[in-house]
Amino acid sequence: MRFYRRCPKRESMPQANVLSVAIVWVLIFVGSVGADDNVAWKKHVVMDQGHCNTAVAIDANADGLMDVVCSYGGKVSLFLAPDWKVEHVLHRLSQRRQTCIHSTVIDVDGDGDLDWAGAVASEHPFWLENPGRLSRTADSDATPTGDADSTLWIRRTIDSEITGIHCLTRSDVDNNGRDDLIINNFEPEKGIGDSIAWLSIPSDPKSSIPWDRHVFADADARGGSHYMGAGDIDGDGWNEIAVGAKGEPFADGNWFAFWKNPGKDGVKGAWQKVMLAENQTAATNILPADVNGDGKVDWLASRGHGNGVIWFENPSWKIHTIDSQIEFPHSLTVADHDQDGDVDAAVCGFGSEVVMWYENNGKGSFTNHTLDRHQQSYQLTSVDMDGDGDLDLLNAGRGTANVAWYENPLRSAK
C-alpha cells in the first residue's frame, strides 16, 4: 500500500482510539516503505538556489569525477565534484529569470571531451564548447557573455529556425559512429511547426550554422511533443524515435507514437509513424527497454502531466501498468539499478512529490520503492555519480528549486 498525499485533518477522538489509530498507521507506513529504510538511497544536494528543469552529469575537467551542469536563475552553471560546492557560471542567458528546459552532453567538436547542448523553451537550441579546462577561451566565431569572473564556455547556435524546443536527446541516428541531436519544434505556429528533426554535426561545428537538419516527423507531431526516446525496436540495427504528446493546451495531443527509421535512406528517406496509443491523457515521457526479457525492445512511458507509469509490449504494443496512482510523473529514467540483469525504471512525480524506483522481476512485473518525499523533478537520469560501479539518480528539482542526486546503496551494502 502506498500513500502519495497527506491524510486530511480528522476530528478529535478518545485517547485510546488515538493510540490504536497511531499503531495502525505505523504498521501501514512500515509495510509500505520499510524495505526502503533498510537500503536507503542517500540524498546529496548539489544546488538549492532556484527553479531548475535540467541537470546533466559531465566530467568537465577530466579528473575522473562526475560534475553537474544545470540551468537556473538566468544562467547555465557547473558544480564541480567531489563536493559540488563551488559554482562556475558557464553562460548567462538573455533574461535574469530564464532557465533552459532540456539539455544533454555531447562531444560536438570531436576533441574527446563532452560539450553541452540545450535551449530555453521559447528560443533556438545552442551548444556550449567545453574548453577542457576551467579558464576563459577566445574564439573568433563566438561572443562570450557573462560576468567578468565567470568561467565562460563559448556559445554557438545549433539551429536558427527551430523554435520553442521542448524535447532534446542524443542518438546515433545515421549509424556513422557519432551522436546526433534530436530536437522538436514546440511552437506550432513558428519555425518548423508540429515537426521533429534530427540534426547531424557539421564538419566544422565552430563555424557552420545551422547544423545539418533532417526532418523525420514532418508536420505529423502536433500535440505538444514533450520527451523523446531512441532505440532499435525492430532489430534492424537502426534506431527508431518515439515521443509523447501531452495535449492541452495543444490540439490533437494525448498520444504516444514512434517513427520507424528507414535505415540507409535515413538522411533523405521517409520515416513511417507508428501510433502506440491514443487517448493517453498528458502523455509525456517514453524510453526504449526490453522490459520482459524476451529479446524485443519495448517502450516504457509516463503520463507526466497526468497519472501513471506504463509500458508497451513489443510487437502488439499492449499496455501494462506499472503505477496507476503517481501524479505528474514528468521525469523518467530506465536502467538496471540493482544489477540483476533486467531493466528497472525510476520516476519523480511533481504532483505527488515522490521519487520512486520500480524494481523489475525480469518479466515486466515491478515492485515499487519510495526514495524521497516532498521532492519534485523535471529531468531524472541514471548515472554513476560516485564511481562505485552502480547507477545513481541525478534529479533536476523543478518547483522544489534544487538539484540533487541519490546514491545507490547497492555497492555500499555488499
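Just a few scattered comments:
- Heavy-atom accessible surface of region 179-264, averaged per residue, reaches 36 Å², computed with a 1.4 Å probe.
- Note on region 150-308: with charges restricted to the Cβ of Lys and Arg (+1) and Asp and Glu (-1), its dipole about the Cα centre is near 440 debye.
- Counting only Cβ charges, +1 for Lys and Arg and -1 for Asp and Glu, the dipole size of region 269-414 around its Cα centre is about 560 debye.
- Furthest towards positive pole of dipole, LEU332, LEU410, ASN361, structure part region 277-414, Cβ charges: LEU332
- Overall, region 249-326 carries a charge dipole of about 280 debye about its Cα centre when +1 sits on the Cβ of Lys and Arg and -1 on the Cβ of Asp and Glu, all other atoms neutral.
- On region 298-414, 45 percent of the accessible area sits on carbon and sulfur atoms, based on a 1.4 Å probe.
- Working ranking of peptides 398-404, 68-74 by packing, defined as the average number of other Cβ atoms within 10 Å per residue, highest first, is 68-74, 398-404.
- Surface composition of region 173-252: carbon and sulfur atoms hold 41% of the protein heavy-atom accessible area at a 1.4 Å probe.
The values are calculated or read from the model by the stated rules, or taken from the named source; none is laboratory data. None of these values were measured; they are calculated from a predicted model. Positions of Cβ are backbone-derived with ideal geometry, glycine not excepted, and every protein chain shown enters the neighbour counts. Quick note on the areas: whole protein, heavy atoms, side chains included, nothing else; ligands and nucleic acids left out. Shrake-Rupley method; radii C 1.70, N 1.55, O 1.52, S 1.80 Å.
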